[in-house]
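The values are calculated or read from the model by the stated rules, or taken from the named source; none is laboratory data. Source: prediction; values computed, not measured. Quick reminder, even Gly has a Cβ in these numbers, built from the backbone with ideal geometry, and neighbours come from all protein chains shown.
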Amino acid sequence: MFSQASRRGMPHLFIVALIVLSVLISTAVSAQSSSATDADQQALNNLAQELVVLRSEIESLNAELTDLTEQHRATMNSLAAQKGELEASKRREDLRVRELEEDLANNRARAQEAGLATEALIPVAEDAIATIKNHIQTGFPFKQGERMAAIEEIEDQLATEALSPARVVNRLWSFYEDELRLARENGLYSQTIELDGESVLADVAKLGVVAMYFTTRDGRMGYATHGDQGWRFIEAQGGGERQQIRALFDALGKQIRVGLFELPNGSIQLGEGA
C-alpha cells in the first residue's frame, strides 16, 4: 500500500521540484542581467568623462595653435619690414659707392687733362678731399675717426706743401680705393662707438657697408641703425637678439663667411668671396 501511495506522489514532487528550479534559474538570470546593465552604464559614464577631457584638450590645443599662428604671422611681418630696411640701406650705400667711383674717374680725367700741372691739381685735390670728408661724416659708421684723421692728414700735406699736388692726388686715389673696398669686406674689428651719449671701445662685426654689430667690454651688445638723423648705435633687445649677435661673432671668428644669418635688424646672406 505504501509503495503504491509513494508511486502516486512522485509526479507531484517532481513538478514541485521543477517549479522551484525554474524560480531559481529565473532569479539567477535576472540578477545576471541586472549586473550586466550596471556594468554597461559604468562603461558609458567612463566614456563620457573621457570625451569631456578630450574635448577640453582639443580646445586648449586649438587656442595654442591660434596663438602660434599669430606669433608666426607677426614674426614674418617683422622680418619682411627688416628686409625692406636692409635693402634700402644697401641701395643707399651702393649709390655712395657709385658716386665715389664716378668722382674717382672724374678726378683722374681732370688730372690727365691738366697734364699733371701742379697748380691745376690743387683744386682737383681740394674738391676730392671735401667729397671724401662729407662721405665719411654722413656715411657708414665704421672707424670714422680714423678715416677722418687719415684724410685730414692728406689735406694738411696739401695745404703745407709737405707733398706735391701730384703725390697728394695719388694718395687720394689710394684712399678712394680703400673706401670702395669697405663695401666688399666682412670681418671683426675694434673701434670706439658712441653708445647712450658716451664713447665706448667695442668689438664690431662689419658686413660690407650694410650692417654692423658690436659687443662691449662690459657685455653690452647691439647694432648700428640708420634713420632720419643718420647712423647711431643701439643695444639689442632681449636674449634672442643677443644670441643672434653672438652667433655672428662666433662664425666670423671661425672664418665662416658663407651662409644665412638671422640678425636683429634682418637676415644677412653672406656669399662666396665676402
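Among R220, R171, R167, R181, which is the only one that is touching a helix residue (DSSP H, G or I) at 6+ places or on another chain (Cβ under 6 Å) and of a type in the set (K, R)?
That would be R171, the only listed residue that is touching a helix residue (DSSP H, G or I) at 6+ places or on another chain (Cβ under 6 Å) and of a type in the set (K, R).
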| query | Does the stretch 227-240 contain at least one residue that is farther than 26 Å from E87 by Cβ and either crowded, with 18+ Cβ neighbours inside 10 Å or at pLDDT 90 or above (or both)? | reply | no
| Of the numbered conditions (1) buried (at least 17 other Cβ atoms within 10 Å of the Cβ); (2) at negative phi; (3) not β-branched (V, I, T), E146 satisfies every one except a single condition; which is it? | (1)
| message | Considering only residues that are assigned to a loop (DSSP other than H, G, I, E, B) and under 15 Å from E241 (Cα atoms), which ones fall in the stretch 182-226? | response | G219, R220
| request: Evaluate the following for E155: is it in contact (Cβ under 8 Å) with a residue 24 or more places away in the chain and in a helix (DSSP H, G or I)? | output: yes
| said: Return the residues of the stretch 127-149 that are out of contact with any helix residue (DSSP H, G or I) (no Cβ under 7 Å at 6 or more places or on another chain), part of a helix (DSSP H, G or I) and free of Cβ contacts under 8 Å to residues at least 60 places away in the same chain; say none if nothing qualifies. | reply: D127, A130, N134, Q137, G145, E146, A149
| Residues in the stretch 206-215: is at least one of a type in the set (S, T, N, Q), touching a strand residue (DSSP E or B) at 6+ places or on another chain (Cβ under 6 Å), in contact (Cβ under 8 Å) with a residue 12 or more places away in the chain and under 27 Å from A105 (Cα atoms)? | no
| remark: If you go through A74, A81, A128, the only one that is within 30 Å of A211 (Cβ to Cβ), aliphatic (A, V, I, L, M) and modelled with pLDDT of 85 or more is A128
| message | Restricting to the stretch 257-274, and then to whatever is aliphatic (A, V, I, L, M) and surrounded by 13 or more Cβ atoms within 10 Å (Cβ to Cβ), can you tell me which residue is modelled with the lowest pLDDT? | response | A274
| remark: Within the stretch 205-226, residues being among the aromatic types (F, W, Y) and over 16 Å from Q82 (Cα atoms) number 1
| remark: Within the stretch 165-207, restricting to residues that are surrounded by fewer than 16 Cβ atoms within 10 Å (Cβ to Cβ) and hydroxyl-bearing (S, T, Y), the one that is farthest from R98 (Cα to Cα) is S199
